[in-house]
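Report on the following structure.
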Amino acid sequence: MRRQPKRVNFTAKVGKEGRNKSLTLEEILNIFRDCGALLEGHFLLSSGLHSSQYLQCALVLQYPAHAEPFCALLAAPFQGEGIQVVVAPALGGIIVAHEVARALGARALFTERVEGRMTLRRGFQISPGERTLVVEDVLTTGGSTREVMATVEEQAGGVVGVGCLVDRSGGIHLGVKQHALLHLNILNYSPQACPLCQEGKPLMKPGSRQVRPEGG
Ligand SMILES: [Zn+2]
């Protein structure tokens, strides 16, 4: 178990009048686990590295009943910032942008890669000076978030903040107001130096049918 134990007493109000809801950090983590979005075990990642935890936000976002309150919690610190546009990189960020924008009464856009370059397509436009929030499902290196920020700035939009459901970056700061629903410290290992391999734990490949531990 390598998640950071801090901030367990975190609570926040969600939703509109009459739909207030408080969730503790532990309750949020449990929902991620129940959805299979946060698995613990011994995983082979697409990078070839091994990890004791595997995160797949799409598995929690498949439930609108979770996506809406979680994104409302993510949006909460940006209420009052006059956010007009929420932008996320496709595909993982699209639902996050949509639900955060719902909470803030803003538009939801997404960027796509065209020949490797992050681009606003489909007629999406940001007018000069529009107050923009950039969101992601998971912040890992901050690379794609920075690219979305640059795309917004090319349109002369003002990036007011950055939000993600899960920050697993270990503390990257992107120079604007920043908020994450969860902070996780997920360690990766090279196969040669993996302590789980040394313990002889069976290796699972996320996304395959064997990914759910038996009985789990
Ligand atoms: Zn291993």
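Every residue in segment 91-133 that is at pLDDT below 95, closer than 19 Å to A150 by Cβ and under 16 Å from the mean Cα position of the chain (by Cα), please.
Scanning segment 91-133 gives a single hit, G92.
Give the number of residues within segment 167-184 that are surrounded by 21 or more Cβ atoms within 10 Å (Cβ to Cβ) and in contact with a Phe, Trp or Tyr (Cβ under 8 Å, 6 or more places away or on another chain).
Qualifying residue count, segment 167-184: 2.
Consider segment 33-51. How many of its residues are touching a Ser or Thr at 6+ places or on another chain (Cβ under 9 Å) and part of a loop (DSSP other than H, G, I, E, B)?
Count: 3.
How about segment 156-170: which of its residues are of a type outside the set (V, I, T) and within 10 Å of the chain's Cα centre (by Cα)?
G163, C164, L165, D167, R168
For segment 61-89, give me each residue that is in contact (Cβ under 8 Å) with a residue 40 or more places away in the chain and more than 23 Å from V148 (Cα to Cα).
P69
Output the number of the condition that L187 fails; it satisfies all remaining conditions of (1) modelled with pLDDT under 95; (2) away from the ligand (no atom under 15 Å from the Cβ).
Going through (1) modelled with pLDDT under 95; (2) away from the ligand (no atom under 15 Å from the Cβ) one by one, L187 breaks only (2).
Find the residue count for segment 135-160, including only residues that are under 28 Å from Q53 (Cα atoms), buried (at least 19 other Cβ atoms within 10 Å of the Cβ) and not β-branched (V, I, T).
Residues in segment 135-160 being under 28 Å from Q53 (Cα atoms), buried (at least 19 other Cβ atoms within 10 Å of the Cβ) and not β-branched (V, I, T): 4 in total.
Among (1) in a strand (DSSP E or B); (2) touching a residue at least 24 places away in the same chain (Cβ under 8 Å), which single condition is P128 missing?
Of the numbered conditions (1) in a strand (DSSP E or B); (2) touching a residue at least 24 places away in the same chain (Cβ under 8 Å), the odd one out for P128 is (1).
Is it the case that S127 is surrounded by fewer than 16 Cβ atoms within 10 Å (Cβ to Cβ) and within 16 Å of the ligand (Cβ to nearest atom)?
Considered against the rule, which asks whether it is surrounded by fewer than 16 Cβ atoms within 10 Å (Cβ to Cβ) and within 16 Å of the ligand (Cβ to nearest atom), S127 comes out as no.
Tell me which residues, restricted to segment 70-93, are in contact with a helix residue (DSSP H, G or I) (Cβ under 9 Å, 6 or more places away or on another chain) and part of a helix (DSSP H, G or I).
Selection gives F70, C71, A72, L73, L74, A75, A76, F78.
Could you give every pair whose Cβ atoms fall below 9 Å, whose first residue belongs to segment 35-48 and is within 15 Å of P191 (Cβ to Cβ), and whose second residue is more than 15 Å from the ligand (Cβ to nearest atom) and in a loop (DSSP other than H, G, I, E, B), counting only separations of at least 6 or pairs across chains?
Pairs that qualify, where the first residue is within 15 Å of P191 (Cβ to Cβ) and the partner is more than 15 Å from the ligand (Cβ to nearest atom) and in a loop (DSSP other than H, G, I, E, B), are S46/G207.
For residues that are of a type in the set (D, E) and touching a Lys or Arg at 6+ places or on another chain (Cβ under 9 Å), tally how many sit in segment 34-62.
Residues flagged as of a type in the set (D, E) and touching a Lys or Arg at 6+ places or on another chain (Cβ under 9 Å) within segment 34-62 amount to 1.
Exactly one condition in (1) more than 23 Å from L59 (Cβ to Cβ); (2) within 16 Å of the chain's Cα centre (by Cα); (3) free of Cβ contacts under 8 Å to residues at least 24 places away in the same chain; (4) not in a loop (DSSP other than H, G, I, E, B) is not met by H173; state its number.
All conditions pass for H173, except number (4).
The values are calculated or read from the model by the stated rules, or taken from the named source; none is laboratory data. None of the values given here were measured: they were computed from a predicted structure. Every residue, glycine as well, gets a Cβ built from its backbone with ideal geometry; the counts of neighbours run over all protein chains shown.
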